[in-house]
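The values are calculated or read from the model by the stated rules, or taken from the named source; none is laboratory data. Small disclaimer: the values here were computed from a predicted structure and weren't measured. Accessible surface areas use protein heavy atoms only, side chains included; no ligands, DNA or RNA. Shrake-Rupley method; radii C 1.70, N 1.55, O 1.52, S 1.80 Å.
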Amino acid sequence: FACNSQGGCASLSTAEIYDPIAGTFSVAGNMNSARTGQTMTLLNNGTVLIAGGQTCNSATSCYTLSSAETYDPNTGIFLLTSNTMNAPRYTASAVALNSGLVLIAGGFDGTNLPAPAELYDPTQGSFAASVPSLNTARFSATATLLNSGQVLFAGGSTCNLPGCPTAAAEIYDPVANTFSYASAGMNTPRFNHTATLLTNGQVLVT
């Protein structure tokens, strides 16, 4: 979002690149759609997948996106993917699997919580609805790739404002293509949190 002095806020399409050597930001062009609440995932080929989100013209005028685009740092160009996601969603969770596919799950479409997950295939440049649903539909959850190649989905909210934090945690197994509840949930229900894979293979959630 960008907000003016009158408190009016709107989604942005602009992008910037940070150069850690120079310590400066530079303009990186514009996305095809102004977005907020999108996912961003680094792909194995060095491009970045930007998926979903909302376009807001004001705090009360928003619509949810199913579109996605990739950013190529070599050309500085944003390109729309060959097809859209199967479900419009924002504040979803996305993670690159060891196979190179990107798993996107959860999120909110402004009315409903789309439980079905989907995969993006960078070699095809498209999405496929070949993934089952989360056992607990949620948004603003974390998705962490584990050393086993499985993915931990933790927390999130199961309703819109003011939010319904959940302690539920699930494991996605890309070999079996299944979501299953972890043997125990988190001690504290939470959403809009963070999760970091530690060097010992454990996941720190704060």
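The residues of the range 3-129 expose, per residue, 50 Å² of accessible area to a 1.4 Å probe.
Using the Karplus relation 6.51 cos²θ - 1.76 cosθ + 1.60 with θ = phi - 60°, the per-residue 3J(HN,Hα) values for the range 112-118 come to 10, 9, x, 6, x, 9, 8 Hz, with x marking Gly and Pro.
Listed values for the range 70-75 are Karplus-derived 3J(HN,Hα) couplings in whole Hz (6.51 cos²θ - 1.76 cosθ + 1.60, θ = phi - 60°), namely 10, 10, 9, x, 6, 9, and x replaces Gly and Pro. Both numbers refer to the Cα atoms of the chain; Rg and Dmax are 17.1, 52 Å. For the range 147-206, the solvent-accessible area works out to 57 Å² per residue, with a probe of 1.4 Å and every protein chain left in place. From zero outward in steps of 5 Å, how is the percent of C-alpha pairs of the range 22-79 spread across the bins? Result returned by the calculation: 4, 18, 24, 21, 17, 10, 5, 1. For Asn192, the residues whose amide H sits under 5 Å from its own are Gly156, ignoring neighbours fewer than 5 places away on the same chain, with H placed 1.01 Å from N. Under a Gaussian network description of the chain, with springs only between Cα atoms under 10 Å, the residue in Ala22, Ala34, Ala195 that fluctuates furthest is Ala22. Segment Cys9..Cys164, full-extension length gain: 53.3 nm, with 0.36 nm per residue of separation and the alpha-carbon distance subtracted. Using only C-alpha positions, report the orientation-averaged shadow area of the convex hull of the range 111-193, nm², one decimal. Its average projected convex-hull area is 6.4 nm². Expressed as a whole percent, the accessible area of the range 136-185 that falls on carbon and sulfur atoms is 58 (1.4 Å probe). Applying 0.36 nm per residue to the separation of Thr60 and Ala182 and subtracting their alpha-carbon distance, the gain on full extension is 40.2 nm. Across the range 145-161, computed HN-Hα scalar couplings (Karplus, 6.51 cos²θ - 1.76 cosθ + 1.60, θ = phi - 60°) run 6, 8, 4, 6, x, 7, 10, 9, 9, 10, x, x, 10, 9, 8, 7, 2 Hz from first to last residue, x flagging Gly and Pro. Run the accessible area of the range 27-93 with a 1.4 Å probe and give the carbon-and-sulfur part as a rounded percent. C and S atoms contribute 52 percent here.
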